[in-house]
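First comes the structure, then the notes that go with it.
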Amino acid sequence: MFDVWKNVLESLKQQISHEKFVTYLQKTSLENVEDGVAKIGVQNIFMQINVRKNFDTLIIKALNDNGLKVKSTEYVVQNNTNRVRKSREVSIKDIINNTKQKPKNNRIIENNPPIRLSLSTGLIPEYTFDNFVVGTNNDVAVFTAKAVVDDPGGKRNPFFLYGKSGVGKTHLVQAIGNELLKKNPKLKILYTPINRFYADFIDSIKSKKPEAFSKKYNHLDVLIVDDFQMIIGKEKSQEEFFNLFNEMYLSKRQVIVTSDRLPDEIKDLDVRLSSRLTQAGAFDIQLPSFEDKCAILQAKAEFNNHEIEREAIEYIAENVKTNIRDLNSEYEKLLTFAELRNMTPLEIINSGYANSSPSVRRNSTTPKKIIDKVAKYYEMPVSTMLSKSRVAHIKNARQVAMYLMQNELGLSTTKTARELGLKDHTTVMNGVKRINNEMKMNFKLREEIGTLRESIYD
């Protein structure tokens, strides 16, 4: 059975990107095949949802290609003793304690007893990889974060993560810290918002006790700094951080930084520091797609044994257009309403819930609004954007509008073409395809589309 699954994984590895293979499939296992149903083990309920959604067809074909007569699959969650349990039976404790990954041999990773978290790290124990939902909006960032865990202080140093507020940046970087501590409790790790760093630096100056600041920051193995964009206007703190960063980088100690924007978009940021922060790349988390949001809510419901209808989950996913924080807030609010009124979540929605919930933005945008917002963002008249011009920046704006109409409104290519004054719907297909491909590596374009996504629901 092991050899068959090994062959299946080798086949799948040839068909998808390395990042997706490592993130989703590398730690799966084939438990058994019975009556044409293959039972496949996954790490947690979040992977269960994503593997089924993204790779089920490929997996069934690969199994059959390797001599197994498989008609369908069942994805089940494994606990720490490698026995398989269905996802509804897995508790938060089971998932948080799942520590199957073996540490690699490098400078600061060792085989050690289970983690004993200290409040001095600033880490929240519940923020782990196991309860972080991986989707199309964040899979590259998650893959890179796990690469940091495998080789701290290595080629992903520094790790710079950016994205809008509420998309999960803090959770992901804290997951890195928790995973590193799990592997080596002796590590000196500190998570701190940049404002705390600034306050500590100012206090050391006022009290004339620089040794206190030095003791806290200069002997760390891993430094995780959150909300770096708040360093604006703090020149002395920038200089101090730059010196600390250089010292840690040169001694191969890991630096992790989050921000709501790229360093070169932070006003008056030292050019040297801006360049150093992204020398190992900049990785972003985008707003989740409809499917990603459904997966997040389904996992949350299963995680907490909440009874909520699929239609209610889809309603929230469709109508909360801001971020994951608001998505979770709307979910909790809906369940509270349901409990208070002794109704099901779907009954609450059907009774007029949308009118009482400001976070839900039902039908709050239109094709015309998208066109107007995109044209304004790219600083051109609507007539210019809708013209037949092939000039690069005009064509790009037009294709971004196509992309947003397709992804935010779910318009058909024919309807999108009509809204943009185009005769041929294949122009829309090609335009959307180009934006999808470009977004994979063009982080500036991803940032632009993320900003536009938020603005069209204002």
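Once the Kirkwood radius over Cα pairs is known for segment 299-425, the Stokes-Einstein relation at 10 °C and 1.306 mPa s delivers a diffusion coefficient of 94 µm²/s. Here's the picture: charge each Lys and Arg Cβ at +1 and each Asp and Glu Cβ at -1 in the chain, and of Y249, V133, I313 the one pushed furthest to the positive end of that dipole is Y249.
In this rough spin-label picture, where each label sits 7 Å from Cα along the Cβ direction, the S11-K236 distance is 6.5 nm.
Computed extension gain for M429 through S251, at 0.36 nm per residue and net of the alpha carbon distance, reaches 59.1 nm. Each part reduced to its alpha carbon centroid, segment 52-68 and segment 161-223 end up 44 Å apart. Only Cα pairs under 8 Å and 6+ residues apart enter the sum, and on that basis the relative contact order of the chain stands at 12 percent.
Take the Cα radius of gyration of the chain and divide it by 2.2 N^0.38 Å, N being the number of residues; the result is 1.06.
Bridgeable aspartates and glutamates around K252 (alpha carbons under 19 Å apart, same-chain partners fewer than 8 residues away excluded): E110, D150, D151, E179, D221, E240. Straight-line cross-link reach from K415 at under 23 Å between alpha-carbon atoms covers these lysines, not counting any fewer than eight positions away in the same chain: K321, K368, K369, K373, K376, K388, K395, K423, K433. Each label point was placed 7 Å from the Cα along the Cα-to-Cβ direction; for Y457 and S351 their separation is 2.5 nm.
Of all lysines in the structure, the ones whose alpha carbon falls short of 20 Å from that of K267, not counting any fewer than 8 places away in one chain, are K164, K234, K236, K444. When the square roots of the Cα gyration tensor eigenvalues are ordered a ≥ b ≥ c, the ratio a/c for segment 397-441 is 1.5 or more and a/b exceeds b/c, which makes its shape prolate.
The candidates E408, E31, arranged from most to least accessible area with a 1.4 Å probe in the full protein assembly, appear as E31, E408. When the pairs K182/K208; K186/K208; K13/K39; K216/K300; K188/K209 are compared against a 25 Å limit on Cα-Cα distance, K182/K208; K186/K208; K216/K300 fall above it.
Where q = 0.25, 0.30 Å⁻¹, what log10 of I(q)/I(0) comes from the Debye formula for segment 1-55, counting one point per Cα? Treating every Cα as an identical point scatterer, log10 I(q)/I(0) equals -1.12, -1.36.
Distance between the pseudo-spin-label points of K69 and R390 (7 Å out from Cα toward the beta carbon): 5.7 nm.
The values are calculated or read from the model by the stated rules, or taken from the named source; none is laboratory data. These numbers were taken from a predicted model, which means no experiment stands behind them. Neighbour counts are summed over all protein chains in view; Cβ atoms, including those assigned to glycine, are modelled from backbone coordinates with ideal geometry. Each accessible area value is taken on the protein alone, full model and side chains, heavy atoms only, with ligands, DNA and RNA left out. Shrake-Rupley method; radii C 1.70, N 1.55, O 1.52, S 1.80 Å.
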